Amino acid sequence: GGRSRQVASAGSGVIVDASRGYILTNHHVVANADEIQVTLMDGETHDAEIIGSDPATDIAVIKVEAEGLIEMPIGDSEVVRVGDFVLAIGNPFGLSHTVTSGIVSALGRAGFNRNGYEDFIQTDASINPGNSGGALVNMNGELVGINSMIVSRTGGNVGIGFAVPTEIASSIMNQILDFGEVRRGLLGVTIQGIDAEAAEALNASVDQGALITEIVPGSAAEKAGLRVDDT
């Protein structure tokens with residue numbers, strides 16, 4: 001009947017501003033949560049509040065009021081290269097403060113969330129349920145990604161994990177802290193990729209690029225004079 005029950009779920013997070021108590025995590029870790037508790041390395045537990053969250057990038061900023069926090073320095077994800085050694089830190093299956101190692105397997109992975117803004121770092125460092133929101137760290141101990149998801153038919157780790165690069169995570173966090181929300185410009189077009197075969201069929205002057213298939217009425221694209229079939 002109308003019975004309800006409490007459900008607890010676990011995820012991970014990264015302290016990025018010790019003085020103000022700001023922690024980066026995944027949107028899906030804190031979405032729909034009635035209350036959030038953060039357990040630190042020393043076992044201390046603190047209540048946390050959501051400062052802001054962005055489903056499109058799966059990034060959230062939460063805040064705790066606590067003394068003596070230690071933040072992780074944020075590295076430059078733009079200089080990360082395939083083959084770089086990385087560490088994943090989190091709480092897989094509730095096993096707190098687990099560190100796994102691997103390499104960067106690929107960059108710029110996308111196509112998992114139709115409405116998402118995706119540019120994932122792919123890694124074979126073991127990421128399992130509970131690692132979401134945890135740190136992907138380079139060999140200088142700097143944060144280069146927020147572990148977000150895995151691809152697995154079984155639910156366990158098969159060496160294909162994805163992290164949101166710090167370039168994106170930091171930008172989202174700064175917008176949340178500055179504006180209380182994430183603001184995005186919208187061009188107002190739907191596009192598809194062009195290969196040599198499509199270019200020939202369209203009699204286009206380029207053999208690769210993008211084709212506009214739809215213009216949103218009243219959008220910036222329409223006002224700028226862009227048209228369907230422009231390449």
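The values are calculated or read from the model by the stated rules, or taken from the named source; none is laboratory data. Small disclaimer: the values here were computed from a predicted structure and weren't measured. Cβ atoms come from the backbone with ideal geometry, glycine included; neighbour counts cover every protein chain shown. What goes into the accessible areas is simple: the full protein's heavy atoms, side chains included, and nothing from ligands, DNA or RNA. Shrake-Rupley method; radii C 1.70, N 1.55, O 1.52, S 1.80 Å.
General observations
- Failed criterion for GLU78 (all others in (1) assigned to a loop (DSSP other than H, G, I, E, B); (2) closer than 27 Å to ASP178 by Cβ hold): (1)
- Test result for ASP119, farther than 23 Å from GLU71 by Cβ, modelled with pLDDT of 85 or more and surrounded by 13 or more Cβ atoms within 10 Å (Cβ to Cβ): no
- Residue in segment 25-36 that is within 20 Å of the chain's Cα centre (by Cα) and free of Cβ contacts under 8 Å to residues at least 12 places away in the same chain present: yes
- Here SER19 meets each of (1) in contact with a strand residue (DSSP E or B) (Cβ under 8 Å, 6 or more places away or on another chain); (2) more than 22 Å from ASN128 (Cα to Cα); (3) not acidic (Asp, Glu) with one exception, condition (1).
- Residue in segment 169-189 that is open to solvent by 60 Å² or more (accessible area, probe 1.4 Å), charged (D, E, K, R) and modelled with pLDDT of 75 or more present: yes
- Failed condition for GLY90, given (1) open to solvent by 30 Å² or more (accessible area, probe 1.4 Å); (2) under 17 Å from the mean Cα position of the chain (by Cα): (1)
- Checking VAL104, VAL64, VAL144, VAL99 one by one, the residue that is open to solvent by 30 Å² or more (accessible area, probe 1.4 Å), of a type in the set (A, V, I, L, M) and modelled with pLDDT of 90 or more is VAL99 and no other.
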